[in-house]
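Asks: Can you keep this structure in mind? I'll have questions shortly.
The values are calculated or read from the model by the stated rules, or taken from the named source; none is laboratory data. Keep in mind that what you see is a predicted model, and the values were worked out from it rather than measured. Cβ coordinates were reconstructed from backbone atoms using ideal geometry, including for glycine residues, and neighbour counts include every protein chain displayed. These accessible areas exclude ligands, DNA and RNA; they are computed on the full protein's heavy atoms, side chains included. Shrake-Rupley method; radii C 1.70, N 1.55, O 1.52, S 1.80 Å.
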Amino acid sequence: MGAMIQKDDGFDAAKSEPAIRFGHVSKVFGGVRALDDVSFEVGRGEVHCLAGENGSGKSTLIKIITGVYRPEPGAEMEYFGKAETSVTPNSARGRGIAVIWQDLALFPEMTVAENIAFDTLLGIRPRLVSHKGMRDTARAALAKLGVDLDLEARLNTLPIAQRQVVAIARALVSDARLIFMDEPTASLTQAETDHLLAVVRTLSAAGVAVVFVSHRLAEVLEISSRVTVLRDGRLVGVYQTQGMTQSRLTELMTGKTFDTVVGARDTAANRKVLEIENLTRRGEYEDVSLVVRAGEILGLTGLIGAGRTELCHTLFGMTRPDRGTIRLNGKVLTMNSNRDAVAAGIAYVSEDRLALGLVQPQSIADNLVIPVLDRISGADGLISRRKKGDLVRKWLVDLAIKTGRPEDAVATLSGGNQQRVALAKWLATEPKVLILDSPTVGVDVGARAGIYKIVRALADQGLAILLISDEVSEVHFNADRILHMAGGRMIGEYDPRRTTLHELEEAVYA
Amino acid sequence: MRSFIRAYPTEARLFAVLVAICLFLSLASDSFFTLGNFASLLNNNSVNVIWAVGLLVVLIAGGIDISFAVAASVVQYLCVYAFEAIGGGGWVIGFLVAGGIGITIGFINAALIHRFRIISIVVTIATYNAMFGLLMFITSGRYLYNLPEWWTNRVTIFETQTAQGTWVELALPVAVMAGAMAATWFLIRHTTTGRQLFAFGDNPEGARRAGINIALMQFVAFGWMGLMAGIGGLMQAHIVQEVVPNALIGRELDVLAAVVLGGARLGGGRGSVLGCFLGVLLVAVTQNGLNLLGVSPFAFKMVVGVIILSAISMSNLKLAGLVKVMRGGR
Ligand SMILES: Nc1ncnc2c1ncn2[C@@H]1O[C@H](COP(=O)(O)OP(=O)(O)OP(=O)(O)O)[C@@H](O)[C@H]1O
Ligand SMILES: [Mg+2]
């Protein structure tokens, strides 16, 4: 495919002097060609988006520019007008480049302050540590983001969204001239995302270039002036975002077109599977009642602190309610642990599955079959290779997981593909009730469609599905019914067929 | 106090357990809660603490070292020959030579680990066997008694007479232990290199992406371990006034257990000097108590095993949560 680079006319900074200019970048991992002769250019002070499906090579390109990976010979690299032949993470940082990594790359055992101030105060030549300096630096960076965190808290005590905030703050500390943000909004709520986008605009106005990666195309179009599109490791082109639409961008990324239609159906007559009555857990949620029917996808939306995740923890047996009842297929269910929940047929795909759900060094195949070992073992109690192979192949195809071989370690997959493995792992348990907490965070448009096709197919087989998302459009197009939760209470119910997306967004984000 | 418990839950818990055991032993035995007994506890465990803070640094950096006790024996033998060759020596030269040889052995471990990307447990088991084999082969298992005078003469750093008229004294190894603890504390808390060791142990890939020099981390960690192994070896020979090739075999596991008991995490990123000290002390106090109570020495190891298991499994009980509950009265 010939690169059909469109000349940019709108962005002046890019024309004058680029912050970075890369040409003929290729990268091969074993047999996988992650990048193939890609060129990439970012103007000073420009907000530039890097778009592409999962596994298209976005993170790999970022790692090459920041000196983590070495490109194949023949690459041309230029930083702020100076050509380079080799870069290391240190020299890249010295040139004024900072990164928010897709996998955060933070230090879980260290404090919030240490994580934020790491690059400027700890990751340097031997000298004395200034504990006060670290706290001041961290506080200033968090203030830029308008958030307040306990600076002395260990990072691993924070929920994933706050860790993301720490990763963002860390990149803002150094006086960077170019910041890469690899899916910084993946686990942020709408309000936090808005705040980040405002920070990006401020940075850009101050002459700092930002390279932004996100699978939420609305964000991409809102924030950037140009977008570079990759597909299968190759450059598709560089485009002005002025006049670009989501569907056009999707087409460029995937080579296919997707149409979004409201998929809701009438499920009111179906058998009730999960019933919750007046469920209360003090300080988390109050008087929650809901019903999920067989074959139904019930959407649950709301802002952060709405109590959605806490409710899920109770439904999955991880916490106990103070009051109220949970019924499964008409029978009252009391659970002492999540093992009870799994035994009862409840599966929960949690929002931070990337951190908790996968054994990174193990193979994709082994990760997939962990919860279903008994189903794939033969009469002798040993694992049947044939059954395992069949199961793994089925899920790799169904979720279109892009992988070299099923024996490769999960760690070698792109972020979005890891996500799909985590999802497939739970789907393989064939549960009765499936709780999906933000299942498409960090998943590209094409794969989202794939995941929803599967979720719909599971519902059609009679599964009761509780779908949680803070992307209102996601529940609007995919749920049969939508509940709106705020402040720990259910405050509204909507029928997607009778409500427009706009009305729903007004209701939730207002 | 509360912030301490929050930041160092393991150390706080360990301290509570230690206090409880001490209280019990003071009631059960007359001779436990005496100045003399405490002094001898410190004198007898200083070498273990010196090794423990060395091992701590390796554990923080995500590694493990099985070979340090054998390394200490090697240091002792080489020191004897070296002092003979230079015709005596003294404490300053002693520390330099013992520390230098120790660091060299640590660097060999680090080089093998870094150069060939082999995990540290495998490398140090290999060097353990190689060094021990070589030591036994070359010395034919011979003991050495002809140590220089300065090395074996007792050095008292503090003495006092109790009301009963017995002399209580702290010996040189206790001072060296204090120095080793202070230096290690300074390294891991107050230097950027020390904090980088934590980061490297915690998330090696993250550390690499932050541009941390991975080779340097391995050399600092194992070099520090080697330094402590050497100094500990020097002190050990000073105490027992002889050098025996297989005397220290097995000590590595006692020290490792004490360090892990003190809150260092196998796998890296967590641990403190205070924890090491308390860990060694807990094991020592328990043994000491059993001794005073007249329990058969053969039961010691078993009881110590039980203590370690129960202390580690108690980490499920969150002390900070307990404090909150007690304060809130709920
Ligand atoms: N260390 C590695 N070893 C082997 N293969 C790798 C490695 N890193 C990346 N890959 C492969 O390179 C390709 C591109 O991955 P990359 O992470 O750059 O994708 P991405 O565009 O960032 O995707 P996502 O949106 O899912 O994050 C994928 O096929 C991935 O499996
Ligand atoms: Mg990526």
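Asks: What order do B:Ile86, A:Ile370 take when sorted by accessible area (1.4 Å probe), most exposed first?
Replies: Listed by decreasing accessible area, they come as B:Ile86, A:Ile370.
Asks: Working out 0.36 nm times the residue gap between A:Arg320 and A:Gln242, then minus their Cα-Cα distance, what length gain in nm do you get to one decimal?
Replies: Taking A:Arg320 through A:Gln242 to full extension adds about 23.0 nm, to one decimal.
Asks: Inside 10 Å of the C-beta atoms of A:108-115, what's the mean count of C-beta atoms belonging to other chains?
Replies: Across the residues of A:108-115, the mean count of other-chain Cβ atoms within 10 Å is 4.
Asks: Could you rank A:Lys453, A:Lys144, A:Lys27, A:Lys387 by how accessible they are, 1.4 Å probe, largest area first?
Replies: So the residues, ranked largest to smallest area, are A:Lys453, A:Lys144, A:Lys387, A:Lys27.
Asks: Let me ask something additional. Please list B:Val295, A:Val288 from largest to smallest accessible area, probe radius 1.4 Å, with all protein chains kept in place.
Replies: I get B:Val295, A:Val288, largest accessible area first.
Asks: So how much slack lies between A:Arg265 and A:Leu373, counting 0.36 nm per residue of separation and subtracting their Cα-Cα distance, in nm?
Replies: 35.4 nm
Asks: Just the accessible area for A:Val508, please: 1.4 Å probe, Å², rounded to the nearest 10?
Replies: Roll a 1.4 Å probe over it and A:Val508 shows about 10 Å².
Asks: I need the shape label for region A:356-430. Rule: rounded when a/c is under 1.5, else prolate if a/b > b/c, else oblate, with a, b, c from the alpha carbon gyration tensor.
Replies: Prolate, because a/c is 1.5 or more and a/b exceeds b/c.
Asks: Just to confirm my numbers, what's the Cα centroid distance between region A:407-434 and region A:56-94 in Å?
Replies: 31
Asks: Using amide H atoms built 1.01 Å from N in the peptide plane, name the residues 5+ places from A:Arg231, or on other chains, whose amide H lies under 5 Å from its own.
Replies: Residues meeting the criterion, in which the H sits 1.01 Å from N, are A:Val236.
Asks: Can you list residues whose amide H is under 5 Å from A:Arg154's amide H, if they're 5+ apart or on another chain and H is modeled 1.01 Å from N?
Replies: none
Asks: Points 7 angstrom from Cα along the Cβ direction at A:Ala510 and B:Trp150: gap in nanometres?
Replies: Inter-label distance under the simple model: 8.7 nm.
Asks: What accessible surface, in Å², does a 1.4 Å probe find on B:Met136, ignoring ligands, DNA and RNA and rounding to the nearest 10?
Replies: Approximately 60 Å² for this residue.
Asks: Right, here's the next one. Hey, quick one: spin label on B:Glu242, modelled 7 Å out along Cα-Cβ, who in region B:42-79 has an amide N within reach, i.e. under 16 Å?
Replies: From region B:42-79, the list is B:77.
Asks: Computed on alpha carbon atoms, what radius of gyration and Dmax characterise region B:76-216, expressed in Å?
Replies: Every Cα atom of region B:76-216 included, Rg and Dmax give 20.4, 63 Å.
Asks: Right, next: For chain A, restrict the atom set to alpha-carbon positions and state the Rg and Dmax in Å.
Replies: In Å, with Rg to one decimal and Dmax whole: 23.5, 71.
Asks: What percentage of the solvent-accessible surface of chain B, computed with a 1.4 Å probe over protein heavy atoms, is contributed by carbon and sulfur atoms?
Replies: Carbon and sulfur: 67 percent of the exposed surface of chain B.
Asks: Heads up, I need the accessible area for A:Asp390: 1.4 angstrom probe, whole protein in place, Å², nearest 10.
Replies: The accessible area comes out at roughly 70 Å².
Asks: Could you rank the peptides B:57-63, A:463-469, A:378-384, B:25-31 by their average count of other C-beta atoms within 10 Å per residue, with the highest value first?
Replies: B:57-63, A:463-469, B:25-31, A:378-384
Asks: Residue-wise, which Karplus ³J(HN,Hα) couplings in Hz belong to region A:485-491, taking 6.51 cos²θ - 1.76 cosθ + 1.60, θ = phi - 60°, and x for glycine or proline?
Replies: Those phi angles translate into 10, 8, x, x, 10, 7, 10 Hz.
Asks: Figure the gain on full extension for A:Asn278 and A:Arg489 (residue separation times 0.36 nm, minus the Cα-Cα span) and round it to one decimal in nm.
Replies: 74.9 nm
Asks: Mind listing the long-range amide H neighbours of A:Gly488? Cut-off is under 5 Å, sequence gap 5 or more, other chains count too, H placed in the peptide plane at 1.01 Å from N.
Replies: Amide H to amide H, under 5 Å and 5 or more residues apart or across chains, A:Gly488 pairs with A:Gly307.
Asks: Classify region A:193-242 as rounded, prolate or oblate, taking a ≥ b ≥ c as the square roots of the eigenvalues of its Cα gyration tensor: rounded when a/c is under 1.5, otherwise prolate if a/b is larger than b/c and oblate if not.
Replies: prolate
Asks: What does the average come to when, for each residue of peptide B:196-204, you count the partner chain Cβ atoms lying within 10 Å of its Cβ?
Replies: 4
Asks: Now for a separate question. Leaving out ligands and nucleic acids, and using a 1.4 Å probe, what accessible area per residue does region A:347-449 come to in Å²?
Replies: The answer is 43 Å² per residue.
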